[in-house]
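**Student:** Below are the structure tokens for one structure; questions will follow.
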Amino acid sequence: MARVKLTEYKAKQLLYHALGKKYLGTPATPEGYQMPHNGPFVLKVDQGIKGRMKKGLVELEIQKDKLPDALMRLSKKGYSQFIIEPMVKHDPSQERYLSLERTREGIVVRYAKVGGIDIESMKDRVEEVILNSKFEYRNPKQAPNSNDQITQKISEELAVPINFMHQLLNFFERQYISFLEINPLVVKQNTSPLRGTPLRKRRIKSPLTRGVDFDVESKDGVFILDLAVEVDSTAEFFTKTWTSADIVEDSVKSPEELAIKKLNDQSQAALSFTLLNSEGLLWVLLSGGGASITIADEAYNMGFGKELANYGEYSGNPNDDETYEYTCNLIDSMMKSSRRRLMLIIGGGVANFTDIGKTFKGVIKALEKNKKRLKKKEIKIFVRRGGPNQKNGLKLMEKWLRENDMYGIVAGPELPLHEIMKLAINSSKKHA
Amino acid sequence: MLNIQKIRSKKQSIIALGSHIPILQSILDFDYLAGKEGPSVIAIIASGRKNVRLFWGEKDVLIPVYPTLAHLPASVKNEITLFLNLTSGRRVLSSTVELLDSLPNLLGGALFAENVPEKHSIEIFNKIKPGSRIKSGMTSGQFIVGPASVGLMIPGHLKLGAIAGTDAEQLMDSHVFEPGSVAVFSSSGGMTGELIRLVTTVQKRISFSLSFGGDRFPILTPVEAFLAAEHDPQTKHIVYFGELGGYDEYELVDLIKQKKVTKPIITYIGGTISAMFEKPPQFGHAKAMASRGEETAQAKTKALKSVGVKAAQSFEEFIDFVKKIKIKDNIPLPDGNPHVKRALRLLEGGLKNDLPYEGSTERSEGRDVQKVLSKMQQRTHALFMNSISQDKDGSVEIVGEEMLSMATKRSFGHIVGSMLLGRQLKSKDTAEFIELIMKLLVDHGPYVSGAINTMIAARAGKDLVSSLASGLLTIGPRFGGAINQAAQHWLEGVAESIDPDEYVERSAKQNKRISGIGHRKYRVDTPDPRVNVILTFAKKLNKSPYTLFAKSIEAVTTAKKANLILNVDGAIAAVLLDVLSQKEKISPEELQELINIEFFNALFVLSRSVGFTAHYLDQRRKDEGLFRLSPKEVGFAE
């Protein structure tokens, strides 16, 4: 449903293949890895984190026997996915910057003759050009188009073969990439930018790489040291080259978050859930992208942002089994809190096609199942929702909440959207 | 580009891709309650059925379903001005491109699906960009709302999508039948509904409303919507709910600076909560992730404020701004509405003053509307739909004509033809030809399979209906059922404008007989006299392409073998195709439909029933006893 990061390992595997190069990196976890060759190596955290070098998440020039120690050091910082690559020694002057971003107007290319960890401070040296949106990859034999001049210029400036540029753009299009950044891009050899073949064809055994077959890793002397790739998650069906398993998990998820993610993957509807503060006062079960933000905003606007325990929403007319599962997971999460007298806000705007009667049926079933636990924690529930079959859904909800002494309020569209959060917060103040 | 006044100025006809019953029904309910003469949805592309049954008010109505766009009759293609694409995210690009390439009078449409790749949205965006070439004869410049959009609403005129709700009560509560002057936009479908409700609750009315959808690259951009509002004479005010993520609001700021948008605007940019987190979660919509400072709700609100937009800091302030809109849509507040009463008490006294939830019970539109609504809520679907006959005012009406007057004034040919087509015949010639066929097919001697089976059953002592049925059950591909197949040949041949030699050659290669050609008895030198009579009829027509094609096929086949002549089945099929297309104005697509449902065989079945019945009665009169063959007559194959 959005832009997501591929692991660097997967991204490089795909890009090297597209460039006709062989990739020598290997993935690693704290449990182990497959040794690719002799080293020395670079060990990096592969969890989509920016500025790894400055955060100390990269270990350079590690010999084979020191790898387990290095892995241990990074694991202790709380990371679980790594990448091991051959160490490519180079001079800082050989570093370049290159990124591509998909926009409505076309592919924005940003490039600089400099690169590396300090690129942020050298922003003024980064050139920005746009390849018009009718960009398609052509082989160089075809007649030139308006984008050719631009790609030609970039290849000359960066001293990379023109073929590299074509293959990179082709890769960008075919893999439905939204954003791609190579930093640094290291260009070591004197190459002919026009024809894309290195001037010296003999195999190079560089003393710096100590035994790594340089030729295999990069025939043209172009090295992709760090690569960040964001793909469009909706394109998995069209590319079939990467799957959701190749997408970076940005943080450690709770079992309930994982359960809801699984529920979402199997559903036609959209269901999301993020735990923000497991000790928060305000728990939300919201529907609709815009309405959920509005209700969450109100907590922030009233100075209760830190009390927001979770964010999430369901939309697209889930069935009652799905809202049941969703609510059960939300309640499980709530029950782990050490606090009592928590507020649960069941909120949403005036739905267009989501059946309120049906979705609330699942929610009420989940409340009924967890009745004892909820009562013990003295939960109060605040409801505001509208849409098809709202009268039925709201009536059932009101009845259940009153009978079980959890009634905060049940309201339809007569109550302004954000007011539901306000009523819950004000009620909690009186409680305290 | 979106031009609201242009859409408002004419009746619009919608094609739906895929069938999402609650949404389509809500469009028909909207049309009905808005007082339109008929549904705005005129065609559905879907598989499986020929019609989708929906309600028009309390009654059932059938909306035609076509398997693909290629199956749409030309007249329908030309009539369609808007589309509603309800297919899945995977199919949106291909199906939308097909729509744009095949519908000449398309003004625009809406995409409902979530999960459309951003690359595909951009491709569609570029395809309809003014000035880009779509296909020869097709122009660009359409508007497309979405993906992931609930669509476009023009109160009292158009509902294109789920927008403003899917049940009639919701539509009533949202006052979308009373046009006003406030334009409402949001990425979020839910918030669009919410905002419509908010604006109408504070006694203003909507000029038009749409939802962009929560994707990163909506095809119809906020800029396009704001410009449409600026150019719409009915719109006096704009209400916009934006979200964190993306740069759309900065483009709006530029438009305001350049004085391209001058109408007053009220906004709320949701997502201030995002400032709480070092690493914000992905909010509900794909684009709702602020990766840079300018994309935050706070930054965008500030930028909008700087150019004079009433950009609210909170939703509460936003509601306050909306309440204060000074325009003449003001409609008096209904007294005693329990909704309003409860809301006011809650706001003033908090939870202490709470009343039980009652749901909405009264509306400003008054009692009549309430009555219509409660009728609509109680409606149920009929078990069958038919277009042949009905009881009306105590007597029976057949294809729209009172039965007795029909029996006395109309020919039998007219009655049969009208009933078989499901509508009154337009031409006397058709009636005359059908009567001629009915007479010609009534019997063709006692030696044919169907007559023999009838006689055998009669001699076995079976009753009338059983004997007739055994004769009728004999009708099939080899006996009597060839008219339909022959019609298929002639229809195909003319549609492909294929050379007759080639057609015959092709059939021979496929080892297929051409139905309607060949006779056991008659030859080219001793022709079937019935065929002559039938073909003479074609001379009454200005054009007779099917008959000409059938005869040209005969010319090829008789050159090969003298008995491969055009037979009665082939001649009837050819002339009937010509009569129906010339005199009844039935399109080739509809003729194909008639073949598919065996219309052409129906005439044989009806007429020959007379013959079979006669043979039955005759055998009963003779009463010769059970018929049996001897071993000599049924050989034994080793």
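The values are calculated or read from the model by the stated rules, or taken from the named source; none is laboratory data. Remember, predicted model here, so these are calculated numbers, not experimental data. Because the Cβ atoms are built from the backbone with ideal geometry, glycine has one as well, and the counts that use them run over all protein chains shown. Surface accessibility is based on the protein's heavy atoms, side chains included, excluding ligands, DNA and RNA. Shrake-Rupley method; radii C 1.70, N 1.55, O 1.52, S 1.80 Å.
**Student:** Only one of A:VAL248, A:VAL350 is surrounded by fewer than 24 Cβ atoms within 10 Å (Cβ to Cβ) and in contact with a Lys or Arg (Cβ under 6 Å, 6 or more places away or on another chain). Can you tell me which?
**Tutor:** The match here is A:VAL248.
**Student:** If you check every pair at least six apart or on different chains, which have Cβ atoms under 6 Å apart with a residue in the stretch A:404-432 that is at the interface with another protein chain (Cβ under 7 Å from one of its Cβ atoms) first and a residue that is part of a loop (DSSP other than H, G, I, E, B) and at pLDDT below 90 second?
**Tutor:** A:VAL410/B:TYR357
**Student:** Which one of B:VAL61, B:VAL41, B:VAL97 is in the same structural domain as B:ALA110 (by TED's automatic domain parsing) and open to solvent by less than 20 Å² (accessible area, probe 1.4 Å)?
**Tutor:** B:VAL41
**Student:** In the stretch B:295-329, what residues are away from every other protein chain (no Cβ under 14 Å), within 26 Å of B:THR201 (Cβ to Cβ) and without any contact (Cβ under 8 Å) to a residue 24 or more places away in the chain?
**Tutor:** B:LYS305, B:LYS324, B:LYS326
**Student:** Kindly indicate whether any position in the stretch A:344-365 is touching a residue at least 12 places away in the same chain (Cβ under 8 Å), basic (Lys, Arg) and away from every other protein chain (no Cβ under 14 Å).
**Tutor:** Yes; the residues of the stretch A:344-365 include at least one that is touching a residue at least 12 places away in the same chain (Cβ under 8 Å), basic (Lys, Arg) and away from every other protein chain (no Cβ under 14 Å).
**Student:** Identify all residues within the stretch B:513-565 that are modelled with pLDDT of 90 or more and of a type in the set (Asp, Glu); write none if there are none.
**Tutor:** Residue satisfying the conditions is B:GLU554 alone.
**Student:** Show me the strands (runs of 3 or more DSSP E) entirely contained within the stretch A:83-202 in which 1 or more residues are modelled with pLDDT of 85 or more and acidic (Asp, Glu).
**Tutor:** By residue number, A:95-102, A:127-132, A:177-187.
**Student:** State yes or no: is B:SER360 under 30 Å from B:GLN203 (Cα atoms), open to solvent by 50 Å² or more (accessible area, probe 1.4 Å), at pLDDT below 90 and in a loop (DSSP other than H, G, I, E, B)?
**Tutor:** So B:SER360 does not fit the description; no.
**Student:** What's the number of the condition A:LEU330 fails, among (1) touching a Gly at 6+ places or on another chain (Cβ under 9 Å); (2) within 14 Å of chain B (Cβ to nearest Cβ); (3) farther than 30 Å from B:LEU86 by Cβ?
**Tutor:** (2)
**Student:** Right, something else. With respect to B:ASP173, is the statement that it is among the charged types (D, E, K, R) and closer than 22 Å to B:LYS36 by Cβ true?
**Tutor:** yes
**Student:** Would you call A:ILE331 closer than 28 Å to B:SER211 by Cβ, open to solvent by less than 50 Å² (accessible area, probe 1.4 Å) and out of contact with any Pro (no Cβ under 8 Å at 6 or more places or on another chain)?
**Tutor:** No: the conditions fail for A:ILE331.
**Student:** Are any residues in the stretch B:44-58 open to solvent by less than 10 Å² (accessible area, probe 1.4 Å) and either more than 25 Å from B:GLY156 (Cβ to Cβ) or in contact with a Leu (Cβ under 8 Å, 6 or more places away or on another chain) (or both), and if so, which ones?
**Tutor:** Scanning the stretch B:44-58 gives B:ILE44, B:VAL52, B:LEU54.
**Student:** Name the helices (runs of 4 or more DSSP H) wholly within the stretch B:161-256 that hold at least 1 residues that are among the charged types (D, E, K, R), more than 14 Å from every other protein chain (Cβ to nearest Cβ) and open to solvent by 10 Å² or more (accessible area, probe 1.4 Å)?
**Tutor:** Answer list for the stretch B:161-256: B:222-231.
**Student:** Only residues in the stretch B:449-474 that are charged (D, E, K, R) count as the first member; pair them with residues that are open to solvent by 40 Å² or more (accessible area, probe 1.4 Å) and in a loop (DSSP other than H, G, I, E, B), Cβ under 7 angstrom, at least 6 apart or cross-chain, and list the lot.
**Tutor:** Correct list of pairs: B:ARG459/B:GLU624; B:ARG459/B:LEU626; B:ARG459/B:PHE627.
**Student:** Quick one: in the stretch B:492-507, which of the residues that are more than 20 Å from B:ILE595 (Cα to Cα) and in contact with a helix residue (DSSP H, G or I) (Cβ under 7 Å, 6 or more places away or on another chain) is surrounded by the most Cβ atoms within 10 Å (Cβ to Cβ)?
**Tutor:** By that ranking, first place goes to B:VAL504.
**Student:** What number of residues in the stretch B:495-552 are assigned to a helix (DSSP H, G or I) and without any contact (Cβ under 8 Å) to a residue 60 or more places away in the chain?
**Tutor:** Qualifying residue count for the region: 24.
**Student:** Find the residue count for the stretch B:574-590, including only residues that are crowded, with 24+ Cβ neighbours inside 10 Å and closer than 18 Å to B:LEU425 by Cα.
**Tutor:** Final tally of qualifying residues: 6.
**Student:** Same structure, new question: Checking the structure you have, find out if any residue of the stretch A:55-67 is open to solvent by 60 Å² or more (accessible area, probe 1.4 Å) and in a strand (DSSP E or B).
**Tutor:** Checked the stretch A:55-67: at least one residue is open to solvent by 60 Å² or more (accessible area, probe 1.4 Å) and in a strand (DSSP E or B).
Quick grid of which residues meet (1) modelled with pLDDT of 85 or more; (2) more than 20 Å from the chain's Cα centre (by Cα); (3) among the aliphatic types (A, V, I, L, M); (4) in a loop (DSSP other than H, G, I, E, B):
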| position | (1), (2), (3), (4) |
| --- | --- |
| A:ALA18 | yes, yes, yes, no |
| A:TYR23 | yes, yes, no, yes |
| A:ASN38 | no, yes, no, yes |
| A:ARG52 | yes, no, no, yes |
